[in-house]
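**Q** There's a structure below that I have some questions on.
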Amino acid sequence: MKLCNFASSRFSTALVAGAALLLAASSPRRCAAEGAAAAAVDTPTRVIHPKADAPDGRPPVITALAISPDGRLLAAGGDDHVVRIWNLTEAREVFLLHGHTDWIRSLKFSPDGHTLASAGDDGQIRLWNTTNGLLLATGPQQNLGIASLAFSNDGKSLMAVGFESKLRRYDAASLRLTTSLDCPATDVRSMAVAADGSMFAAAGRNGHLRLWNTADDQVLGTFLVSNRRVRAIAFAPSGSQVATGGDDLAVRVWSMPRGQMTLEFNKLGSKIASLTFCGPQQLAAGGSDNIIHIWDLAAKQETHRLVGHTGTVAALAVDPTQHVLVSGSFDATIAIWTLP
C-alpha cells in the first residue's frame with residue numbers, strides 16, 4: 001500500500017467524499033521527551049476529521065478502528081453509530097454504513113478482506129461487504145453490549161466478548177451461534193487471537209486473562225494480570241507473548257502459554273485503552289494521557305511518544321507491511337503515523 005500525498009502545501013484542508021481531512025505534509029517533528037530522555041516525540045503525518053453524520057452536527061468520538069489485510073481500506077466507528085470506510089490508496093471515503101443503534105466498540109476485517117464485522121453497545125454483530133458496502137448478515141440480539149471481536153485465522157468463525165461472562169463463537173458467514181465459552185470475568189473488554197491461530201485470549205473487569213487452545217477450546221490457563229479492569233490485550237506476532245493494559249496505569253508483557261510476566265512499564269500515569277504490536281518487538285499503547293507510547297521490548301525501553309491527540313486514544317490499528325499506525329480518539333480525529 002502506498003499512502004497518497006493528500007496535500008501539496010505544507011498545511012492544508014481538503015474535502016474528500018464528505019470527510020474533512022486536515023493534513024500536515026511536513027515531516028514529523030522529533031525532540032527529547034520531557035522526563036524520558038530515551039524517547040523521541042513524533043507528530044502525525046496526516047489527521048482525518050470525520051464529517052458529522054448526526055443531526056446535532058457533532059463529529060463522532062472514535063472508539064474502533066481496523067485496517068484491511070491488504071492495507072487498502074480503513075474502517076472507523078464510534079459514538080454516532082456509523083461505520084465509515086476510507087480507501088487509503090485513493091484518499092477518499094467510500095462508505096457510510098448505517099444500522100447500529102448505539103456506540104460502536106469493535107471492528108474487524110476478515111482474513112481475506114472481503115468482509116467487515118462491526119459490533120457495539122446495541123448487542124448486535126453486523127457483517128458488511130467491503131466491495132459494495134451492503135449488509136451481509138445480522139447476528140442474534142444480545143442482552144448486553146459487545147466490546148471486542150476477532151476472526152479465526154481461517155476466516156470461518158467470528159468470536160465476540162462483551163459486558164457479560166461469555167465468549168461466543170459464530171459462523172462467520174451466517175452469524176449462527178456455534179459455541180459459548182466461560183470467561184474469567186462478568187465484564188470482558190478485550191480478546192485477541194494469536195497470529196498462528198493456535199491460541200486465543202480474553203480479559204476484563206476482574207483483571208484475569210484466560211487463554212484457550214483453538215483446536216479443542218480447552219483452557220490453557222487463567223492468569224491474574226492486573227488488580228483492576230483490563231481494557232486491552234494484544235498478541236505479539238510470534239504468538240509467544242501477550243501484552244495487557246487497563247485501569248491500573250501499567251502495560252505488562254506475558255510469556256504464553258505459561259503466563260509469566262516478562263516486562264512491566266508501570267510509570268505511565270494514565271489508563272490504557274488500546275494496544276497493538278507494530279512489529280516483533282515493538283509495542284504501542286494509547287490511553288487517557290492522549291499519547292501513544294511505543295516501546296522496544298528487546299531494549300526494554302520506551303523509544304517514542306506520538307503526540308497530537310487531545311482526547312483518550314481509544315483505538316489503534318497497524319499495517320506493519322507499510323510501517324503505518326492509525327489511532328482513533330475521543331477528540332473525534334483519526335491520526336495516521338509513520339512508524340519509527
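**Q** What longest region of the chain stays clear of GluC sites (Glu not before Pro) that DSSP places outside H, G, I, E and B and that have at most 14 other Cβ atoms within 10 Å? List each step's numbers first, then the result.
**A** Details: sites that count: Glu34, Glu90.
Between exposed loop sites, the widest span is 91-340.
**Q** Mind checking which of Gly245, Gly145, Gly286 has the largest fluctuation in a GNM of the chain, springs on alpha carbons under 10 Å?
**A** Looking only at Gly245, Gly145, Gly286, the largest GNM fluctuation is found for Gly145.
**Q** Could you grab the relative contact order for the chain? Cα pairs under 8 Å, six or more apart, rounded to a whole percent.
**A** Working: 1024 pairs, mean separation 43.4, N = 340.
Worked out over the chain, it gives 13 percent.
**Q** Let me ask something else. Arrange the following residues from fewest to most other Cβ atoms within 10 Å of their Cβ: Val94, Val188, Val318. Don't skip to the end; give the middle numbers.
**A** Values: Val94 16, Val188 27, Val318 23.
So the residues, fewest neighbours to most, are Val94, Val318, Val188.
**Q** Would you please give the residues with an amide H less than 5 Å from that of Ile291, counting only those at least 5 places away or on a separate chain, with H modeled from the backbone geometry?
**A** Here Val313 satisfy the definition.
**Q** Then there's this: Just how many % of Cα pairs in segment 181-309 lie over 23 Å apart, if you round to the nearest whole percent?
**A** On the way: 2070 of 8256 pairs.
Considering segment 181-309, 25 percent of its Cα-Cα pairs are separated by more than 23 Å.
**Q** Between (1) 28, 26, 17; (2) 56, 25, 15; (3) 40, 24, 18, which matches semi-axes √(5λ) of the Cα gyration tensor in Å calculated for the structure shown?
**A** Step by step, semi-axes √(5λ) of the Cα gyration tensor in Å for this structure corresponds to label (1).
**Q** A follow-up question, please. Taking the Cβ of each residue in Cys183, Cys278 as the centre, tally the other Cβ atoms inside 10 Å and list the residues starting with the fewest.
**A** On the way: Cys183 25, Cys278 21.
Exposure proxy ranking, most exposed first: Cys278, Cys183.
**Q** When the chain is modelled as a GNM with alpha-carbon springs shorter than 10 Å, which of Leu134, Leu107, Leu283 fluctuates the most?
**A** Looking only at Leu134, Leu107, Leu283, the biggest GNM fluctuation is shown by Leu134.
**Q** Tell me which aspartates and glutamates have Cα within less than 18 Å of Lys300's Cα, excluding those fewer than 8 residues away on the same chain?
**A** Within the straight-line limit of under 18 Å, Lys300 reaches these aspartates and glutamates: Glu264.
**Q** Binning at 5 angstrom from zero up to the longest distance, how are the C-alpha pair distances of segment 101-249 distributed in percent?
**A** 2, 10, 20, 24, 21, 14, 6, 2, 0
**Q** Taking 0.36 nm per intervening residue step and subtracting the Cα-Cα distance, what contour gain separates Arg228 from Asp53 on full extension?
**A** Roughly 59.4 nm would be gained on extension.
**Q** Sort Asp154, Asp296 so that the residue with the fewest other Cβ atoms within 10 Å of its own Cβ comes first and the one with the most comes last.
**A** On the way: Asp154 11, Asp296 16.
Taking fewest neighbouring Cβ atoms as first place, the list is Asp154, Asp296.
**Q** Students often forget the sequence filter, so: which lysines lie under 28 Å Cα-Cα from Lys108 once same-chain residues fewer than 8 apart are removed?
**A** The qualifying lysines are Lys2, Lys51, Lys156, Lys166, Lys271.
**Q** Could I ask something else about it? Just Ala137, Ala215, Ala314 to compare: in a GNM of the chain, with alpha carbon springs under 10 Å, which one fluctuates most?
**A** Between Ala137, Ala215, Ala314, it is Ala215 that shows the largest mean-square fluctuation.
All of the numbers you see were taken from the coordinates with simple rules; none came from a lab. Fair warning: this is a prediction, and the values are worked out from it, not measured in the lab. Positions of Cβ are backbone-derived with ideal geometry, glycine not excepted, and every protein chain shown enters the neighbour counts.
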